[in-house]
1. If you count, for each residue, the other Cβ atoms within 10 Å and average over each peptide, how do 105-116, 161-172 line up from highest to lowest?
2. Among bridges DSSP assigns within segment 4-198, what percent are antiparallel (round to 5)?
3. Each label point is 7 Å from the Cα along the Cα-to-Cβ direction; what then is the distance between the points at Arg392 and Thr169, in nm?
4. Given points 7 Å out from each Cα along the Cα-Cβ axis, report the Arg367 to Gln18 separation in nanometres with one decimal.
5. Treating cross-link reach as a plain straight distance, find the aspartates and glutamates whose alpha-carbon is under 13 Å from the alpha-carbon of Lys193, omitting any fewer than eight places away in the same chain.
6. Simple spin-label model, 7 Å along Cα-to-Cβ: Gln158 to Arg304 in nm?
Amino acid sequence: MTQDLFIGRQPIVDINLQVVGYELLFRSGMDDHAQIEDADLASAQLIVNSYMEMGLERIVGSQRAFINLTRPFLTGDIPLPMSPEQVALEVAQDIGVDARLVAGLKRYRHAGYRLVLDGLTCSPEHAPLIELVDYVKLDVLALSRERIAQNLRWLHAQGITVIAARVETPEMYEYCRELGCAAFQGFFFCRPKVVWGQGLPGVHATVVALLGRLMDPAASLEELERIIVQDATFSYRLLRYVNCASFALRREITSLREAIILLGSRTIRNWASLMALSRLESSRPKELLRMVLVRARMAELLARRLGLATPEQAFTVGLFSALDAIMEQPMEELLDSIPLSAEIKLALLGHEGTLGNLLECVLGYERAHWHSLESRAIDVELHTQAYLEAVRWADESNELLASLNEH
């Protein structure tokens, strides 16, 4: 079953009132205020929902996403899975500053992330943060005009870009603009808007198994791929992340293996950890998942033995052949948000091309459409052998996943 998802979004504008970014806010419903019981969980759900459920491009387009993170994320205790190109990490002014926090922020800065101090205090313990951040959000509603001017002069001398936050009147906007603020945020421009979307079915079993293997430095790419391909939903999420604007891919992905290689084990591990934290639960019929495994393996075997298509592409087509049923969304909408090649998409949407014909043969055998298969003059013995091997492989893969989840 799908679930309703909500993300708050408030624009940040420049001196010409052009949007330069959006602050993303955790929301549990359509209300324009948050109801947070567990801040770490809220941060995890916000990241997963933004990048892998709704898709970051839908929420912020090509602009930067500003995300307020809790201490475990900033110190690295909970690793961040997303790339730095399109995100700014916000640090709350009341966070406890110590050596571990500073070290974590230095690592993120070195990795290319933009850092934002959300609020300015004169406390000496915050001095190390000023040396690391790119932006400071100045709460102009809480300060006198004299203090605003003093803080701005000091921050400009440090080479820091100032965002005037909580700007609620045109007079305050003009005042901050004259003082040299580079960006603005507040009710005067726009109240936070809630973006609604539907979540995908959970991936709890695959995530647990992945975490177990990813913690083993000896785990091979083939082992990780074997676990990932057992779950079409998790595979789709990874492809959706690859398709986010921050990757700026100039080519299409031709197989799931290519996406796994592109992301690397570290990124996959981080996403798996974050999904486990956000408590996504599995709710899909197990037989449906077994069916797509059989289709994927059978298509791969036929492609290899008949030389009709690349085995990896054939596997991907089989794996995603029931994506609409698994995710309860139209196939067209699902494929629009992932960077698969046109050949794979045409095969999935209309059974066109070589891959589409191969999928037709797999489906025909699965559904016992013998007349259709006879008209294609297929090698029945070869298809039977491939089907039986695929069933055996799917059962072994499910047993592997179950055994990994027990540890």
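Quick note: the coordinates plus some simple rules give every number you see, no bench work behind them. Quick caveat, the model's predicted, so the values are computed rather than measured. Cβ atoms come from the backbone with ideal geometry, glycine included; neighbour counts cover every protein chain shown.
1. Listed from highest to lowest mean packing, they are 161-172, 105-116.
2. Among the beta bridges of segment 4-198, antiparallel pairing accounts for roughly 40 percent.
3. So the two model labels end up 8.0 nm from each other.
4. Between Arg367 and Gln18, the simple spin-label model gives 5.2 nm.
5. The reachable aspartates and glutamates, counting only those whose Cα sits under 13 Å from Lys193, are Glu23, Asp31, Asp32.
6. 5.9
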